[in-house]
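The block underneath contains the structure these notes are about, expressed in structure tokens.
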Amino acid sequence: MTTEQTRPALRSQRLNQITHAPHEQLDKAVKANAPFETLESYKRFVVAQYLFQTELQGLYNDPALTKIVADLPARCRAEQARADLADLNTDIPQAVAGAVQNPSKAQALGWLFVSEGSKLGAAFLIKRATALNLSESFGARHLGEPAGGRAEGWKTFIRTLDGLALTEEEEAQADQGALAAFERFNVLLQHAYTPAQKIEQVQA
């Protein structure tokens, strides 16, 4: 069977395929930290979400990318995550070195693919959050239903992504961006769940 026959026809399908393994690894990492077992654990999860969304805020507000996805700025969840931290009486965390810096257009699309895709999984996470007395209006805003609905928002984004004309080099860059996004969230998750005493030891 040739490469052409096995390669997914759509860009979004290819990105799903190449990120399957890191996606599974990240899911296991999240579950291992049991963010919905206690409120304290959930707070750490929100810290990771806030850090990730804040790092992507520049991409969501990038004029060139907004020309591609018109409602891109409204899709960012950084402010919702910030409000969640306030609801939970949790300090805004300091930035973590290693954030994405000046990616190419195609790389940025790979990052956004991962961020937007995570909204689908958030539908299941917010159900877990209700057990902690949290909701779309308190403490779990960043997991809330986007305007227009999760499924429709995702379909609209994917239609746009799949309809773009990219060079072979840009296709590779999109792949790199998507893989880097999973790797980065894993780093931020580990950072958020690092016990305070270990952080103090590192700073000492």
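The values are calculated or read from the model by the stated rules, or taken from the named source; none is laboratory data. If you're wondering where the values come from, they're calculated on a predicted model, not measured in any experiment. When we count neighbours, we look across all protein chains shown, and the Cβ atoms used for this are built from the backbone with ideal geometry, even at glycine.
Brief remarks follow.
- Scanning region 126-145 for residues that are of a type outside the set (Lys, Arg), loosely packed, with under 13 Cβ neighbours inside 10 Å and over 21 Å from Arg75 (Cβ atoms) yields Thr130, Ala131, Asn133.
- Within the set Ala123, Ala86, the sole residue that is at pLDDT below 95, among the hydrophobic types (A, V, I, L, M, F, W, C) and surrounded by fewer than 19 Cβ atoms within 10 Å (Cβ to Cβ) turns out to be Ala123.
- The set of residues in region 122-147 being assigned to a helix (DSSP H, G or I) and either of a type in the set (S, T, N, Q) or touching a strand residue (DSSP E or B) at 6+ places or on another chain (Cβ under 6 Å) (or both) consists of Thr130 alone.
- The residues in region 7-34 that are within 21 Å of Thr130 (Cα to Cα), free of Cβ contacts under 8 Å to residues at least 12 places away in the same chain and not in a helix (DSSP H, G or I) can be counted, and the count is 1.
- Odd one out for Ala192, checked against (1) out of contact with any Lys or Arg (no Cβ under 6 Å at 6 or more places or on another chain); (2) modelled with pLDDT of 95 or more; (3) not acidic (Asp, Glu): (1)
- The set of residues in region 15-37 being loosely packed, with under 12 Cβ neighbours inside 10 Å and either touching a Phe, Trp or Tyr at 6+ places or on another chain (Cβ under 7 Å) or more than 30 Å from Leu88 (Cα to Cα) (or both) consists of His20, Ala21.
- Search result, residues across region 148-158 that are assigned to a helix (DSSP H, G or I) and either loosely packed, with under 11 Cβ neighbours inside 10 Å or of a type in the set (Gly, Ala, Ser) (or both): Ala151, Gly153
- Test: residue in region 97-113 that is touching a strand residue (DSSP E or B) at 6+ places or on another chain (Cβ under 7 Å) and modelled with pLDDT of 95 or more: no
- Filter result for Gln173 (of a type outside the set (Lys, Arg) and surrounded by fewer than 17 Cβ atoms within 10 Å (Cβ to Cβ)): no
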